[in-house]
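Below you'll find the structure, written out as structure tokens, and then a few comments.
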Amino acid sequence: MTKGQKRKVVVLGSTGSIGLSTLRVAGNLPEEIEIVGLAACTSTRQLAEQARATGVKNVAIYEESKATELHQLLPAGVKIHSGPEGLSELAQLAEADVVLIAIVGTAGLQPALAAIKAGKDLAVASKEILVMAGEIITKKAREKGVRILPVDSEHNAIFQCLEGHHGRNEDVSRLILTASGGPFRETPAAALREVTPQQALKHPTWDMGPKITIDSATLFNKGLEMIEARWLFGIEMGRIEAIIHPQSIIHSMVEFCDGSVLAQLSQTDMGFPIQYALTYPQRVKGALKPLDFAALAKLEFSAPRLDDFPALTLARKAGSIGGTLPAVFNAANEVAVDAFQAGAIRFPQIWECVANVMEQHLTVVSPDLDEILKADCDARHFAKKYCELA
């Protein structure tokens with residue numbers, strides 16, 4: 001984005017928490033950001049309201065059976081794209097400059113590839129895209145000369161700290177991802193078996209959707225971010241670490257070879273990384289609240305409890321081995337989280353399920369997309385069997 005140029009954005013997942021924050025940021029920066037396409041899974045009424053508010057002429061609904069209902073709610077002249085193909089069509093919208101993917105799960109993978117093929121920059125808020133197919137996505141982005149702009153607060157922080165060092169990975173000693181630790185960072189290991197879904201959904205600092213909130217409680221969210229960082233920044237897993245930082249003010253850090261550490265700080269508001277991703281490389285004054293350092297009082301750090309929360313160890317294994325194993329790690333976790341929310345398994349069995357499925361998997365090295373999707377499907381099958389027998 002050059003100064004004075006408006007960035008035209010398609011938002012896939014516009015009714016979720018990231019999508020809502022994106023529309024808020026765009027609404028505060030009408031001279032810099034224009035929303036040209038919106039997509040949701042099933043929320044027809046909310047999607048229609050967003051279409052009216054933004055004036056977009058193209059929307060997509062993932063659940064094809066909802067297309068007729070959506071048509072009745074939309075103003076005249078708005079084109080509806082439906083189903084998985086509809087998301088990919090929207091991702092290739094001619095007038096779009098950047099496609100922001102905020103879809104939870106694997107549904108964002110094909111639209112991401114479609115956006116890259118069409119030469120669109122990709123703003124990534126969906127971890128699964130790079131966890132499952134980071135090698136493929138980053139390779140195709142390089143070939144097309146498009147940028148992958150991180151929206152997760154942690155990766156966006158690293159992206160900012162690496163300004164001027166992109167492509168000079170020998171300067172980097174460590175990428176240090178910060179984690180709030182979730183609601184159970186001080187809970188004794190023996191008590192984790194009694195954790196309920198309602199307790200796991202009470203995040204101490206961030207307001208997020210249910211899947212990512214439970215992932216934060218288990219630290220699987222941080223594990224997924226470690227794998228994602230491996231592909232975003234071309235840094236091997238051995239140089240990627242996580243640290244518990246309950247205040248969530250420092251969003252991540254980069255340690256360089258001379259021992260210097262750069263950190264990015266801001267309020268716990270997803271508007272900050274979203275705004276920077278959509279206005280990059282410009283910095284634009286918006287409506288976001290700056291930090292009051294005198295009010296912060298203190299910033300705390302501690303090592304993660306790897307024995308009690310083994311998600312980070314499993315993530316390091318998946319990211320180091322690579323191939324299809326990260327897709328298996330992600331898929332098994334999705335199934336286990338669903339089972340936990342349904343009351344079918346206990347909280348620690350989320351890790352046990354993922355470890356069990358990873359152990360059964362025969363990793364394919366340098367897989368193509370079909371092999372990744374097959375690994376994902378197989379992992380879900382084995383994870384469901386584990387949860388049924390647990």
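The values are calculated or read from the model by the stated rules, or taken from the named source; none is laboratory data. Just so we're clear, the structure is a prediction, and the values are computed from it rather than from any experiment. Every residue, glycine as well, gets a Cβ built from its backbone with ideal geometry; the counts of neighbours run over all protein chains shown. Only protein heavy atoms, including side chains, enter the accessible area calculation; ligands, DNA and RNA are left aside. Shrake-Rupley method; radii C 1.70, N 1.55, O 1.52, S 1.80 Å.
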*Mind checking which pairs have a first residue in region 201-226 that is more than 22 Å from Met237 (Cα to Cα) and touching a residue at least 12 places away in the same chain (Cβ under 8 Å) and a second that is among the charged types (D, E, K, R) and open to solvent by 50 Å² or more (accessible area, probe 1.4 Å), Cβ under 8 Å, 6 or more apart or different chains?*
none
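Each row is one residue, and each column tells you yes or no for (1) open to solvent by less than 20 Å² (accessible area, probe 1.4 Å); (2) on the phi > 0 side of the Ramachandran plot; (3) part of a helix (DSSP H, G or I).
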position	(1), (2), (3)
Glu225	yes, no, yes
Leu232	no, no, yes
His251	yes, no, no
Val254	yes, no, no
*Can you name the condition, by its number, that Pro281 falls short on among (1) crowded, with 23+ Cβ neighbours inside 10 Å; (2) of a type outside the set (A, V, I, L, M, F, W, C); (3) not in a helix (DSSP H, G or I)?*
(1)
*Can you tell me which residues in region 111-147 are buried (at least 23 other Cβ atoms within 10 Å of the Cβ) and hydrophobic (A, V, I, L, M, F, W, C)?*
Ala112, Ala115, Ile116, Leu122, Ala123, Val124, Ala125, Ile129, Leu130, Val131, Met132, Ala133
*May I ask you to list the residues in region 237-247 that are within 19 Å of the chain's Cα centre (by Cα) and open to solvent by 50 Å² or more (accessible area, probe 1.4 Å)?*
Glu241
_One residue is enough: does region 16-37 have a residue meeting the conditions in contact with a strand residue (DSSP E or B) (Cβ under 8 Å, 6 or more places away or on another chain), more than 19 Å from Phe272 (Cα to Cα) and either open to solvent by 40 Å² or more (accessible area, probe 1.4 Å) or modelled with pLDDT of 95 or more (or both)?_
yes
*Which one is modelled with the lowest pLDDT, of the residues in region 155-167 that are over 11 Å from Phe233 (Cβ atoms) and open to solvent by 20 Å² or more (accessible area, probe 1.4 Å)?*
Gly164
_Filter result (in a loop (DSSP other than H, G, I, E, B) and either within 19 Å of Leu23 (Cβ to Cβ) or open to solvent by 70 Å² or more (accessible area, probe 1.4 Å) (or both)) within region 284-299_ = Val284, Lys285, Gly286, Ala287, Leu288, Lys289, Pro290, Asp292, Ala297, Lys298
_Single residue of region 334-355 satisfying the filter (over 14 Å from Phe382 (Cβ atoms) and among the charged types (D, E, K, R)) that is surrounded by the fewest Cβ atoms within 10 Å (Cβ to Cβ)_ = Arg346
*Scan region 151-168 and give yes if some residue there is farther than 24 Å from Leu109 by Cα and among the acidic types (Asp, Glu), otherwise no.*
yes
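Answer yes if at least one residue in region 207-221 is buried (at least 17 other Cβ atoms within 10 Å of the Cβ) and in contact with a strand residue (DSSP E or B) (Cβ under 6 Å, 6 or more places away or on another chain), and no otherwise.
Step one: list which residues in region 207-221 are buried (at least 17 other Cβ atoms within 10 Å of the Cβ), which gives 208, 211-221.
Checking the rest, the ones that are also in contact with a strand residue (DSSP E or B) (Cβ under 6 Å, 6 or more places away or on another chain) come to none.
No: region 207-221 contains no residue that is buried (at least 17 other Cβ atoms within 10 Å of the Cβ) and in contact with a strand residue (DSSP E or B) (Cβ under 6 Å, 6 or more places away or on another chain).
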*asked:* Testing Ile250 on (1) more than 16 Å from the chain's Cα centre (by Cα); (2) within 23 Å of Pro310 (Cα to Cα); (3) hydrophobic (A, V, I, L, M, F, W, C), one condition comes back false. Which one is that?
replied: (2)
